[in-house]
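Novice: One structure is given below, represented as structure tokens, and several questions about it will come after.
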Amino acid sequence: MNEPLLRSGIFLAPFHAKGDNPTLAMERDFELLQHLDRLNYHEAWIGEHHSGGVEIIAAPDMFIAAAAERTRHIRLGTGVSSLPYHNPFMLASRIVQLDHMTRGRAMFGVGPGALVYDAFKIGVGAADQRRMMNEALDVIVALFKGETVNKKTDWFNLCDAKLQLSPYTRPMIEMAVASARSPVGALAAARHGIGMLAIGGATPTSIAHHTANWGLYESEARKAGHVPDRSKWRVVTLMHIAETREQAKKNVQFGLKAFADYFREIATFPIVPPDVPNDCDWLIETGTACIGTPDDAIEYIGKLLQGSGGFGVIMELAHNWADWDATRKHYELMARYVHSHFQKAHAPRVEAYAHAAAQQLDFAKQAAEAVQSEIDKQAARQAKTGT
């Protein structure tokens, strides 16, 4: 059996500096997806946030509808739709519409909601978010399967609810559940046999947590009658590469501090602790991020694959650590050298080169002899005719 090839993707929250023009910031997000589409990235997941001032996309399905018109190949997922914020029937109906509008390029990622501020603004308590996600997810999957749902909870009431459109993607749109530190995401994904988005970082400790959650997923999926598939497991990490390590470190001076400060001051879990003397060095030394060269990225991803036992998609968190030109160059280097390594895109060429090189002396001799033969034949013809 052929080993599955590692697919490539990004997780676009997105993060934008508070002083950036939001209209132009979103336009740049579209430009980024077009750039990744040309570079043959397989997928991009777009987040949903409503507060905090930095992650500025409130409706990932709306954003995906526009992005799909500007791209050709890349698959686009909600990363993630926060289920406690939506009536599940209305959200399922919109997602099926998106599935049709994108001709099956859309994916549906779900979660409980990452920013507690968002939930607070609509009166949802943090302690209720995961319960509400599970209640909504059970309904949405049933609707995608064409079932009629009657269900009343303390936050929605569905009466003979059935979607008027069947999914474009059969049997239904590809789905994934966000999974960080708690086991809730793994259990929800396993119950329905859908994918898992590991979003809690990629340090050795984080990978151990993700791997434990995947083990839980596998056991619970089998109990529910589903076959676990590692190709449905996506792992999000932090990366920035350049031609040299020195250049990569210089590039991230542009925006790394603002990114780290957002997680220290707004998000409920800091990526970089507040007391480290140098954010860049700390990220590299702890294995939280890869900041270096394409070879460093290959080694880093290789360790993640080894530590986890293997997954289907390496997801880069889009972070704007570097300026726009250096950011685009990073993705180009990833596509040309890092992805091609893991997808074995260059393997047939290397094999063909080696095969030709092994026979070069013999073939060169044959070619020279063939040329000399034609020269000798022409000389003989000239001698015979006297011309």
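The values are calculated or read from the model by the stated rules, or taken from the named source; none is laboratory data. Fair warning: this is a prediction, and the values are worked out from it, not measured in the lab. Cβ coordinates were reconstructed from backbone atoms using ideal geometry, including for glycine residues, and neighbour counts include every protein chain displayed. With ligands, DNA and RNA removed, areas are computed over all heavy atoms of the protein, side chains included. Shrake-Rupley method; radii C 1.70, N 1.55, O 1.52, S 1.80 Å.
Novice: I want to confirm something. Restricting to segment 37-50 and keeping residues that are in contact with a Ser or Thr (Cβ under 6 Å, 6 or more places away or on another chain) and in a loop (DSSP other than H, G, I, E, B), which single residue is surrounded by the most Cβ atoms within 10 Å (Cβ to Cβ)?
Specialist: For segment 37-50, the residue satisfying everything is Glu48.
Novice: Another question, then. Counting only residues that are farther than 21 Å from Ala114 by Cβ and surrounded by 15 or more Cβ atoms within 10 Å (Cβ to Cβ), which one in segment 21-31 is nearest to the chain's Cα centre (by Cα)?
Specialist: Taking the candidates together, the pick is Phe30.
Novice: Given the conditions (1) modelled with pLDDT under 95; (2) open to solvent by less than 70 Å² (accessible area, probe 1.4 Å), which single one is not true for Thr268?
Specialist: (2)
Novice: What residue, of Val54, Val116, is in contact (Cβ under 8 Å) with a residue 40 or more places away in the chain, farther than 23 Å from Leu143 by Cα and touching a Phe, Trp or Tyr at 6+ places or on another chain (Cβ under 7 Å)? Working first, answer last.
Specialist: Working: Val116 fails: touching a Phe, Trp or Tyr at 6+ places or on another chain (Cβ under 7 Å).
The match here is Val54.
Novice: For segment 229-248, name all the residues that are more than 15 Å from Met175 (Cβ to Cβ) and open to solvent by less than 70 Å² (accessible area, probe 1.4 Å).
Specialist: Val235, Val236, Thr237, Leu238, Met239, His240, Ile241, Ala242, Thr244, Ala248
Novice: Within segment 56-114, track down each residue that is part of a loop (DSSP other than H, G, I, E, B), of a type in the set (Ser, Thr, Tyr) and under 21 Å from Arg170 (Cα atoms).
Specialist: So the first thing to find is which residues in segment 56-114 are part of a loop (DSSP other than H, G, I, E, B), and the list is 56-59, 71-74, 86-87, 102-105, 112-114.
Cutting the leftovers down to of a type in the set (Ser, Thr, Tyr) gives us 71, 102.
Once the filter is applied, which keeps residues that are part of a loop (DSSP other than H, G, I, E, B), of a type in the set (Ser, Thr, Tyr) and under 21 Å from Arg170 (Cα atoms), segment 56-114 yields only Thr102.
Novice: Taking the stated definitions as given, is Glu299 in contact (Cβ under 8 Å) with a residue 24 or more places away in the chain, out of contact with any strand residue (DSSP E or B) (no Cβ under 6 Å at 6 or more places or on another chain) and surrounded by fewer than 23 Cβ atoms within 10 Å (Cβ to Cβ)?
Specialist: Against the criterion (in contact (Cβ under 8 Å) with a residue 24 or more places away in the chain, out of contact with any strand residue (DSSP E or B) (no Cβ under 6 Å at 6 or more places or on another chain) and surrounded by fewer than 23 Cβ atoms within 10 Å (Cβ to Cβ)), Glu299 does not qualify.
Novice: Cβ contacts < 6 Å: first residue among the small types (Gly, Ala, Ser), restricted to segment 259-272; second residue part of a helix (DSSP H, G or I), any location; separation 6+ or different chain. Result?
Specialist: Between residues of segment 259-272 that are among the small types (Gly, Ala, Ser) and residues that are part of a helix (DSSP H, G or I), the close pairs are Ala260/Asp279.
Novice: So which of Ala357, Ala379 is without any contact (Cβ under 8 Å) to a residue 60 or more places away in the chain, open to solvent by less than 80 Å² (accessible area, probe 1.4 Å) and under 30 Å from Leu6 (Cα atoms)? Reasoning before the result, please.
Specialist: Values: Ala379 fails: under 30 Å from Leu6 (Cα atoms).
Selected residue: Ala357, the only one of Ala357, Ala379 that is without any contact (Cβ under 8 Å) to a residue 60 or more places away in the chain, open to solvent by less than 80 Å² (accessible area, probe 1.4 Å) and under 30 Å from Leu6 (Cα atoms).
Novice: If you don't mind, another one. Quick check, is Gln34 out of contact with any strand residue (DSSP E or B) (no Cβ under 8 Å at 6 or more places or on another chain), over 29 Å from Arg131 (Cβ atoms) and assigned to a helix (DSSP H, G or I)? Can you show your working first?
Specialist: Numbers: out of contact with any strand residue (DSSP E or B) (no Cβ under 8 Å at 6 or more places or on another chain): yes; over 29 Å from Arg131 (Cβ atoms): yes; assigned to a helix (DSSP H, G or I): yes.
The answer is yes for Gln34.
Novice: Scanning segment 142-157 for residues that are within 17 Å of Asp128 (Cβ to Cβ) and assigned to a loop (DSSP other than H, G, I, E, B), which turns out most open to solvent (accessible area, probe 1.4 Å)?
Specialist: Asp154
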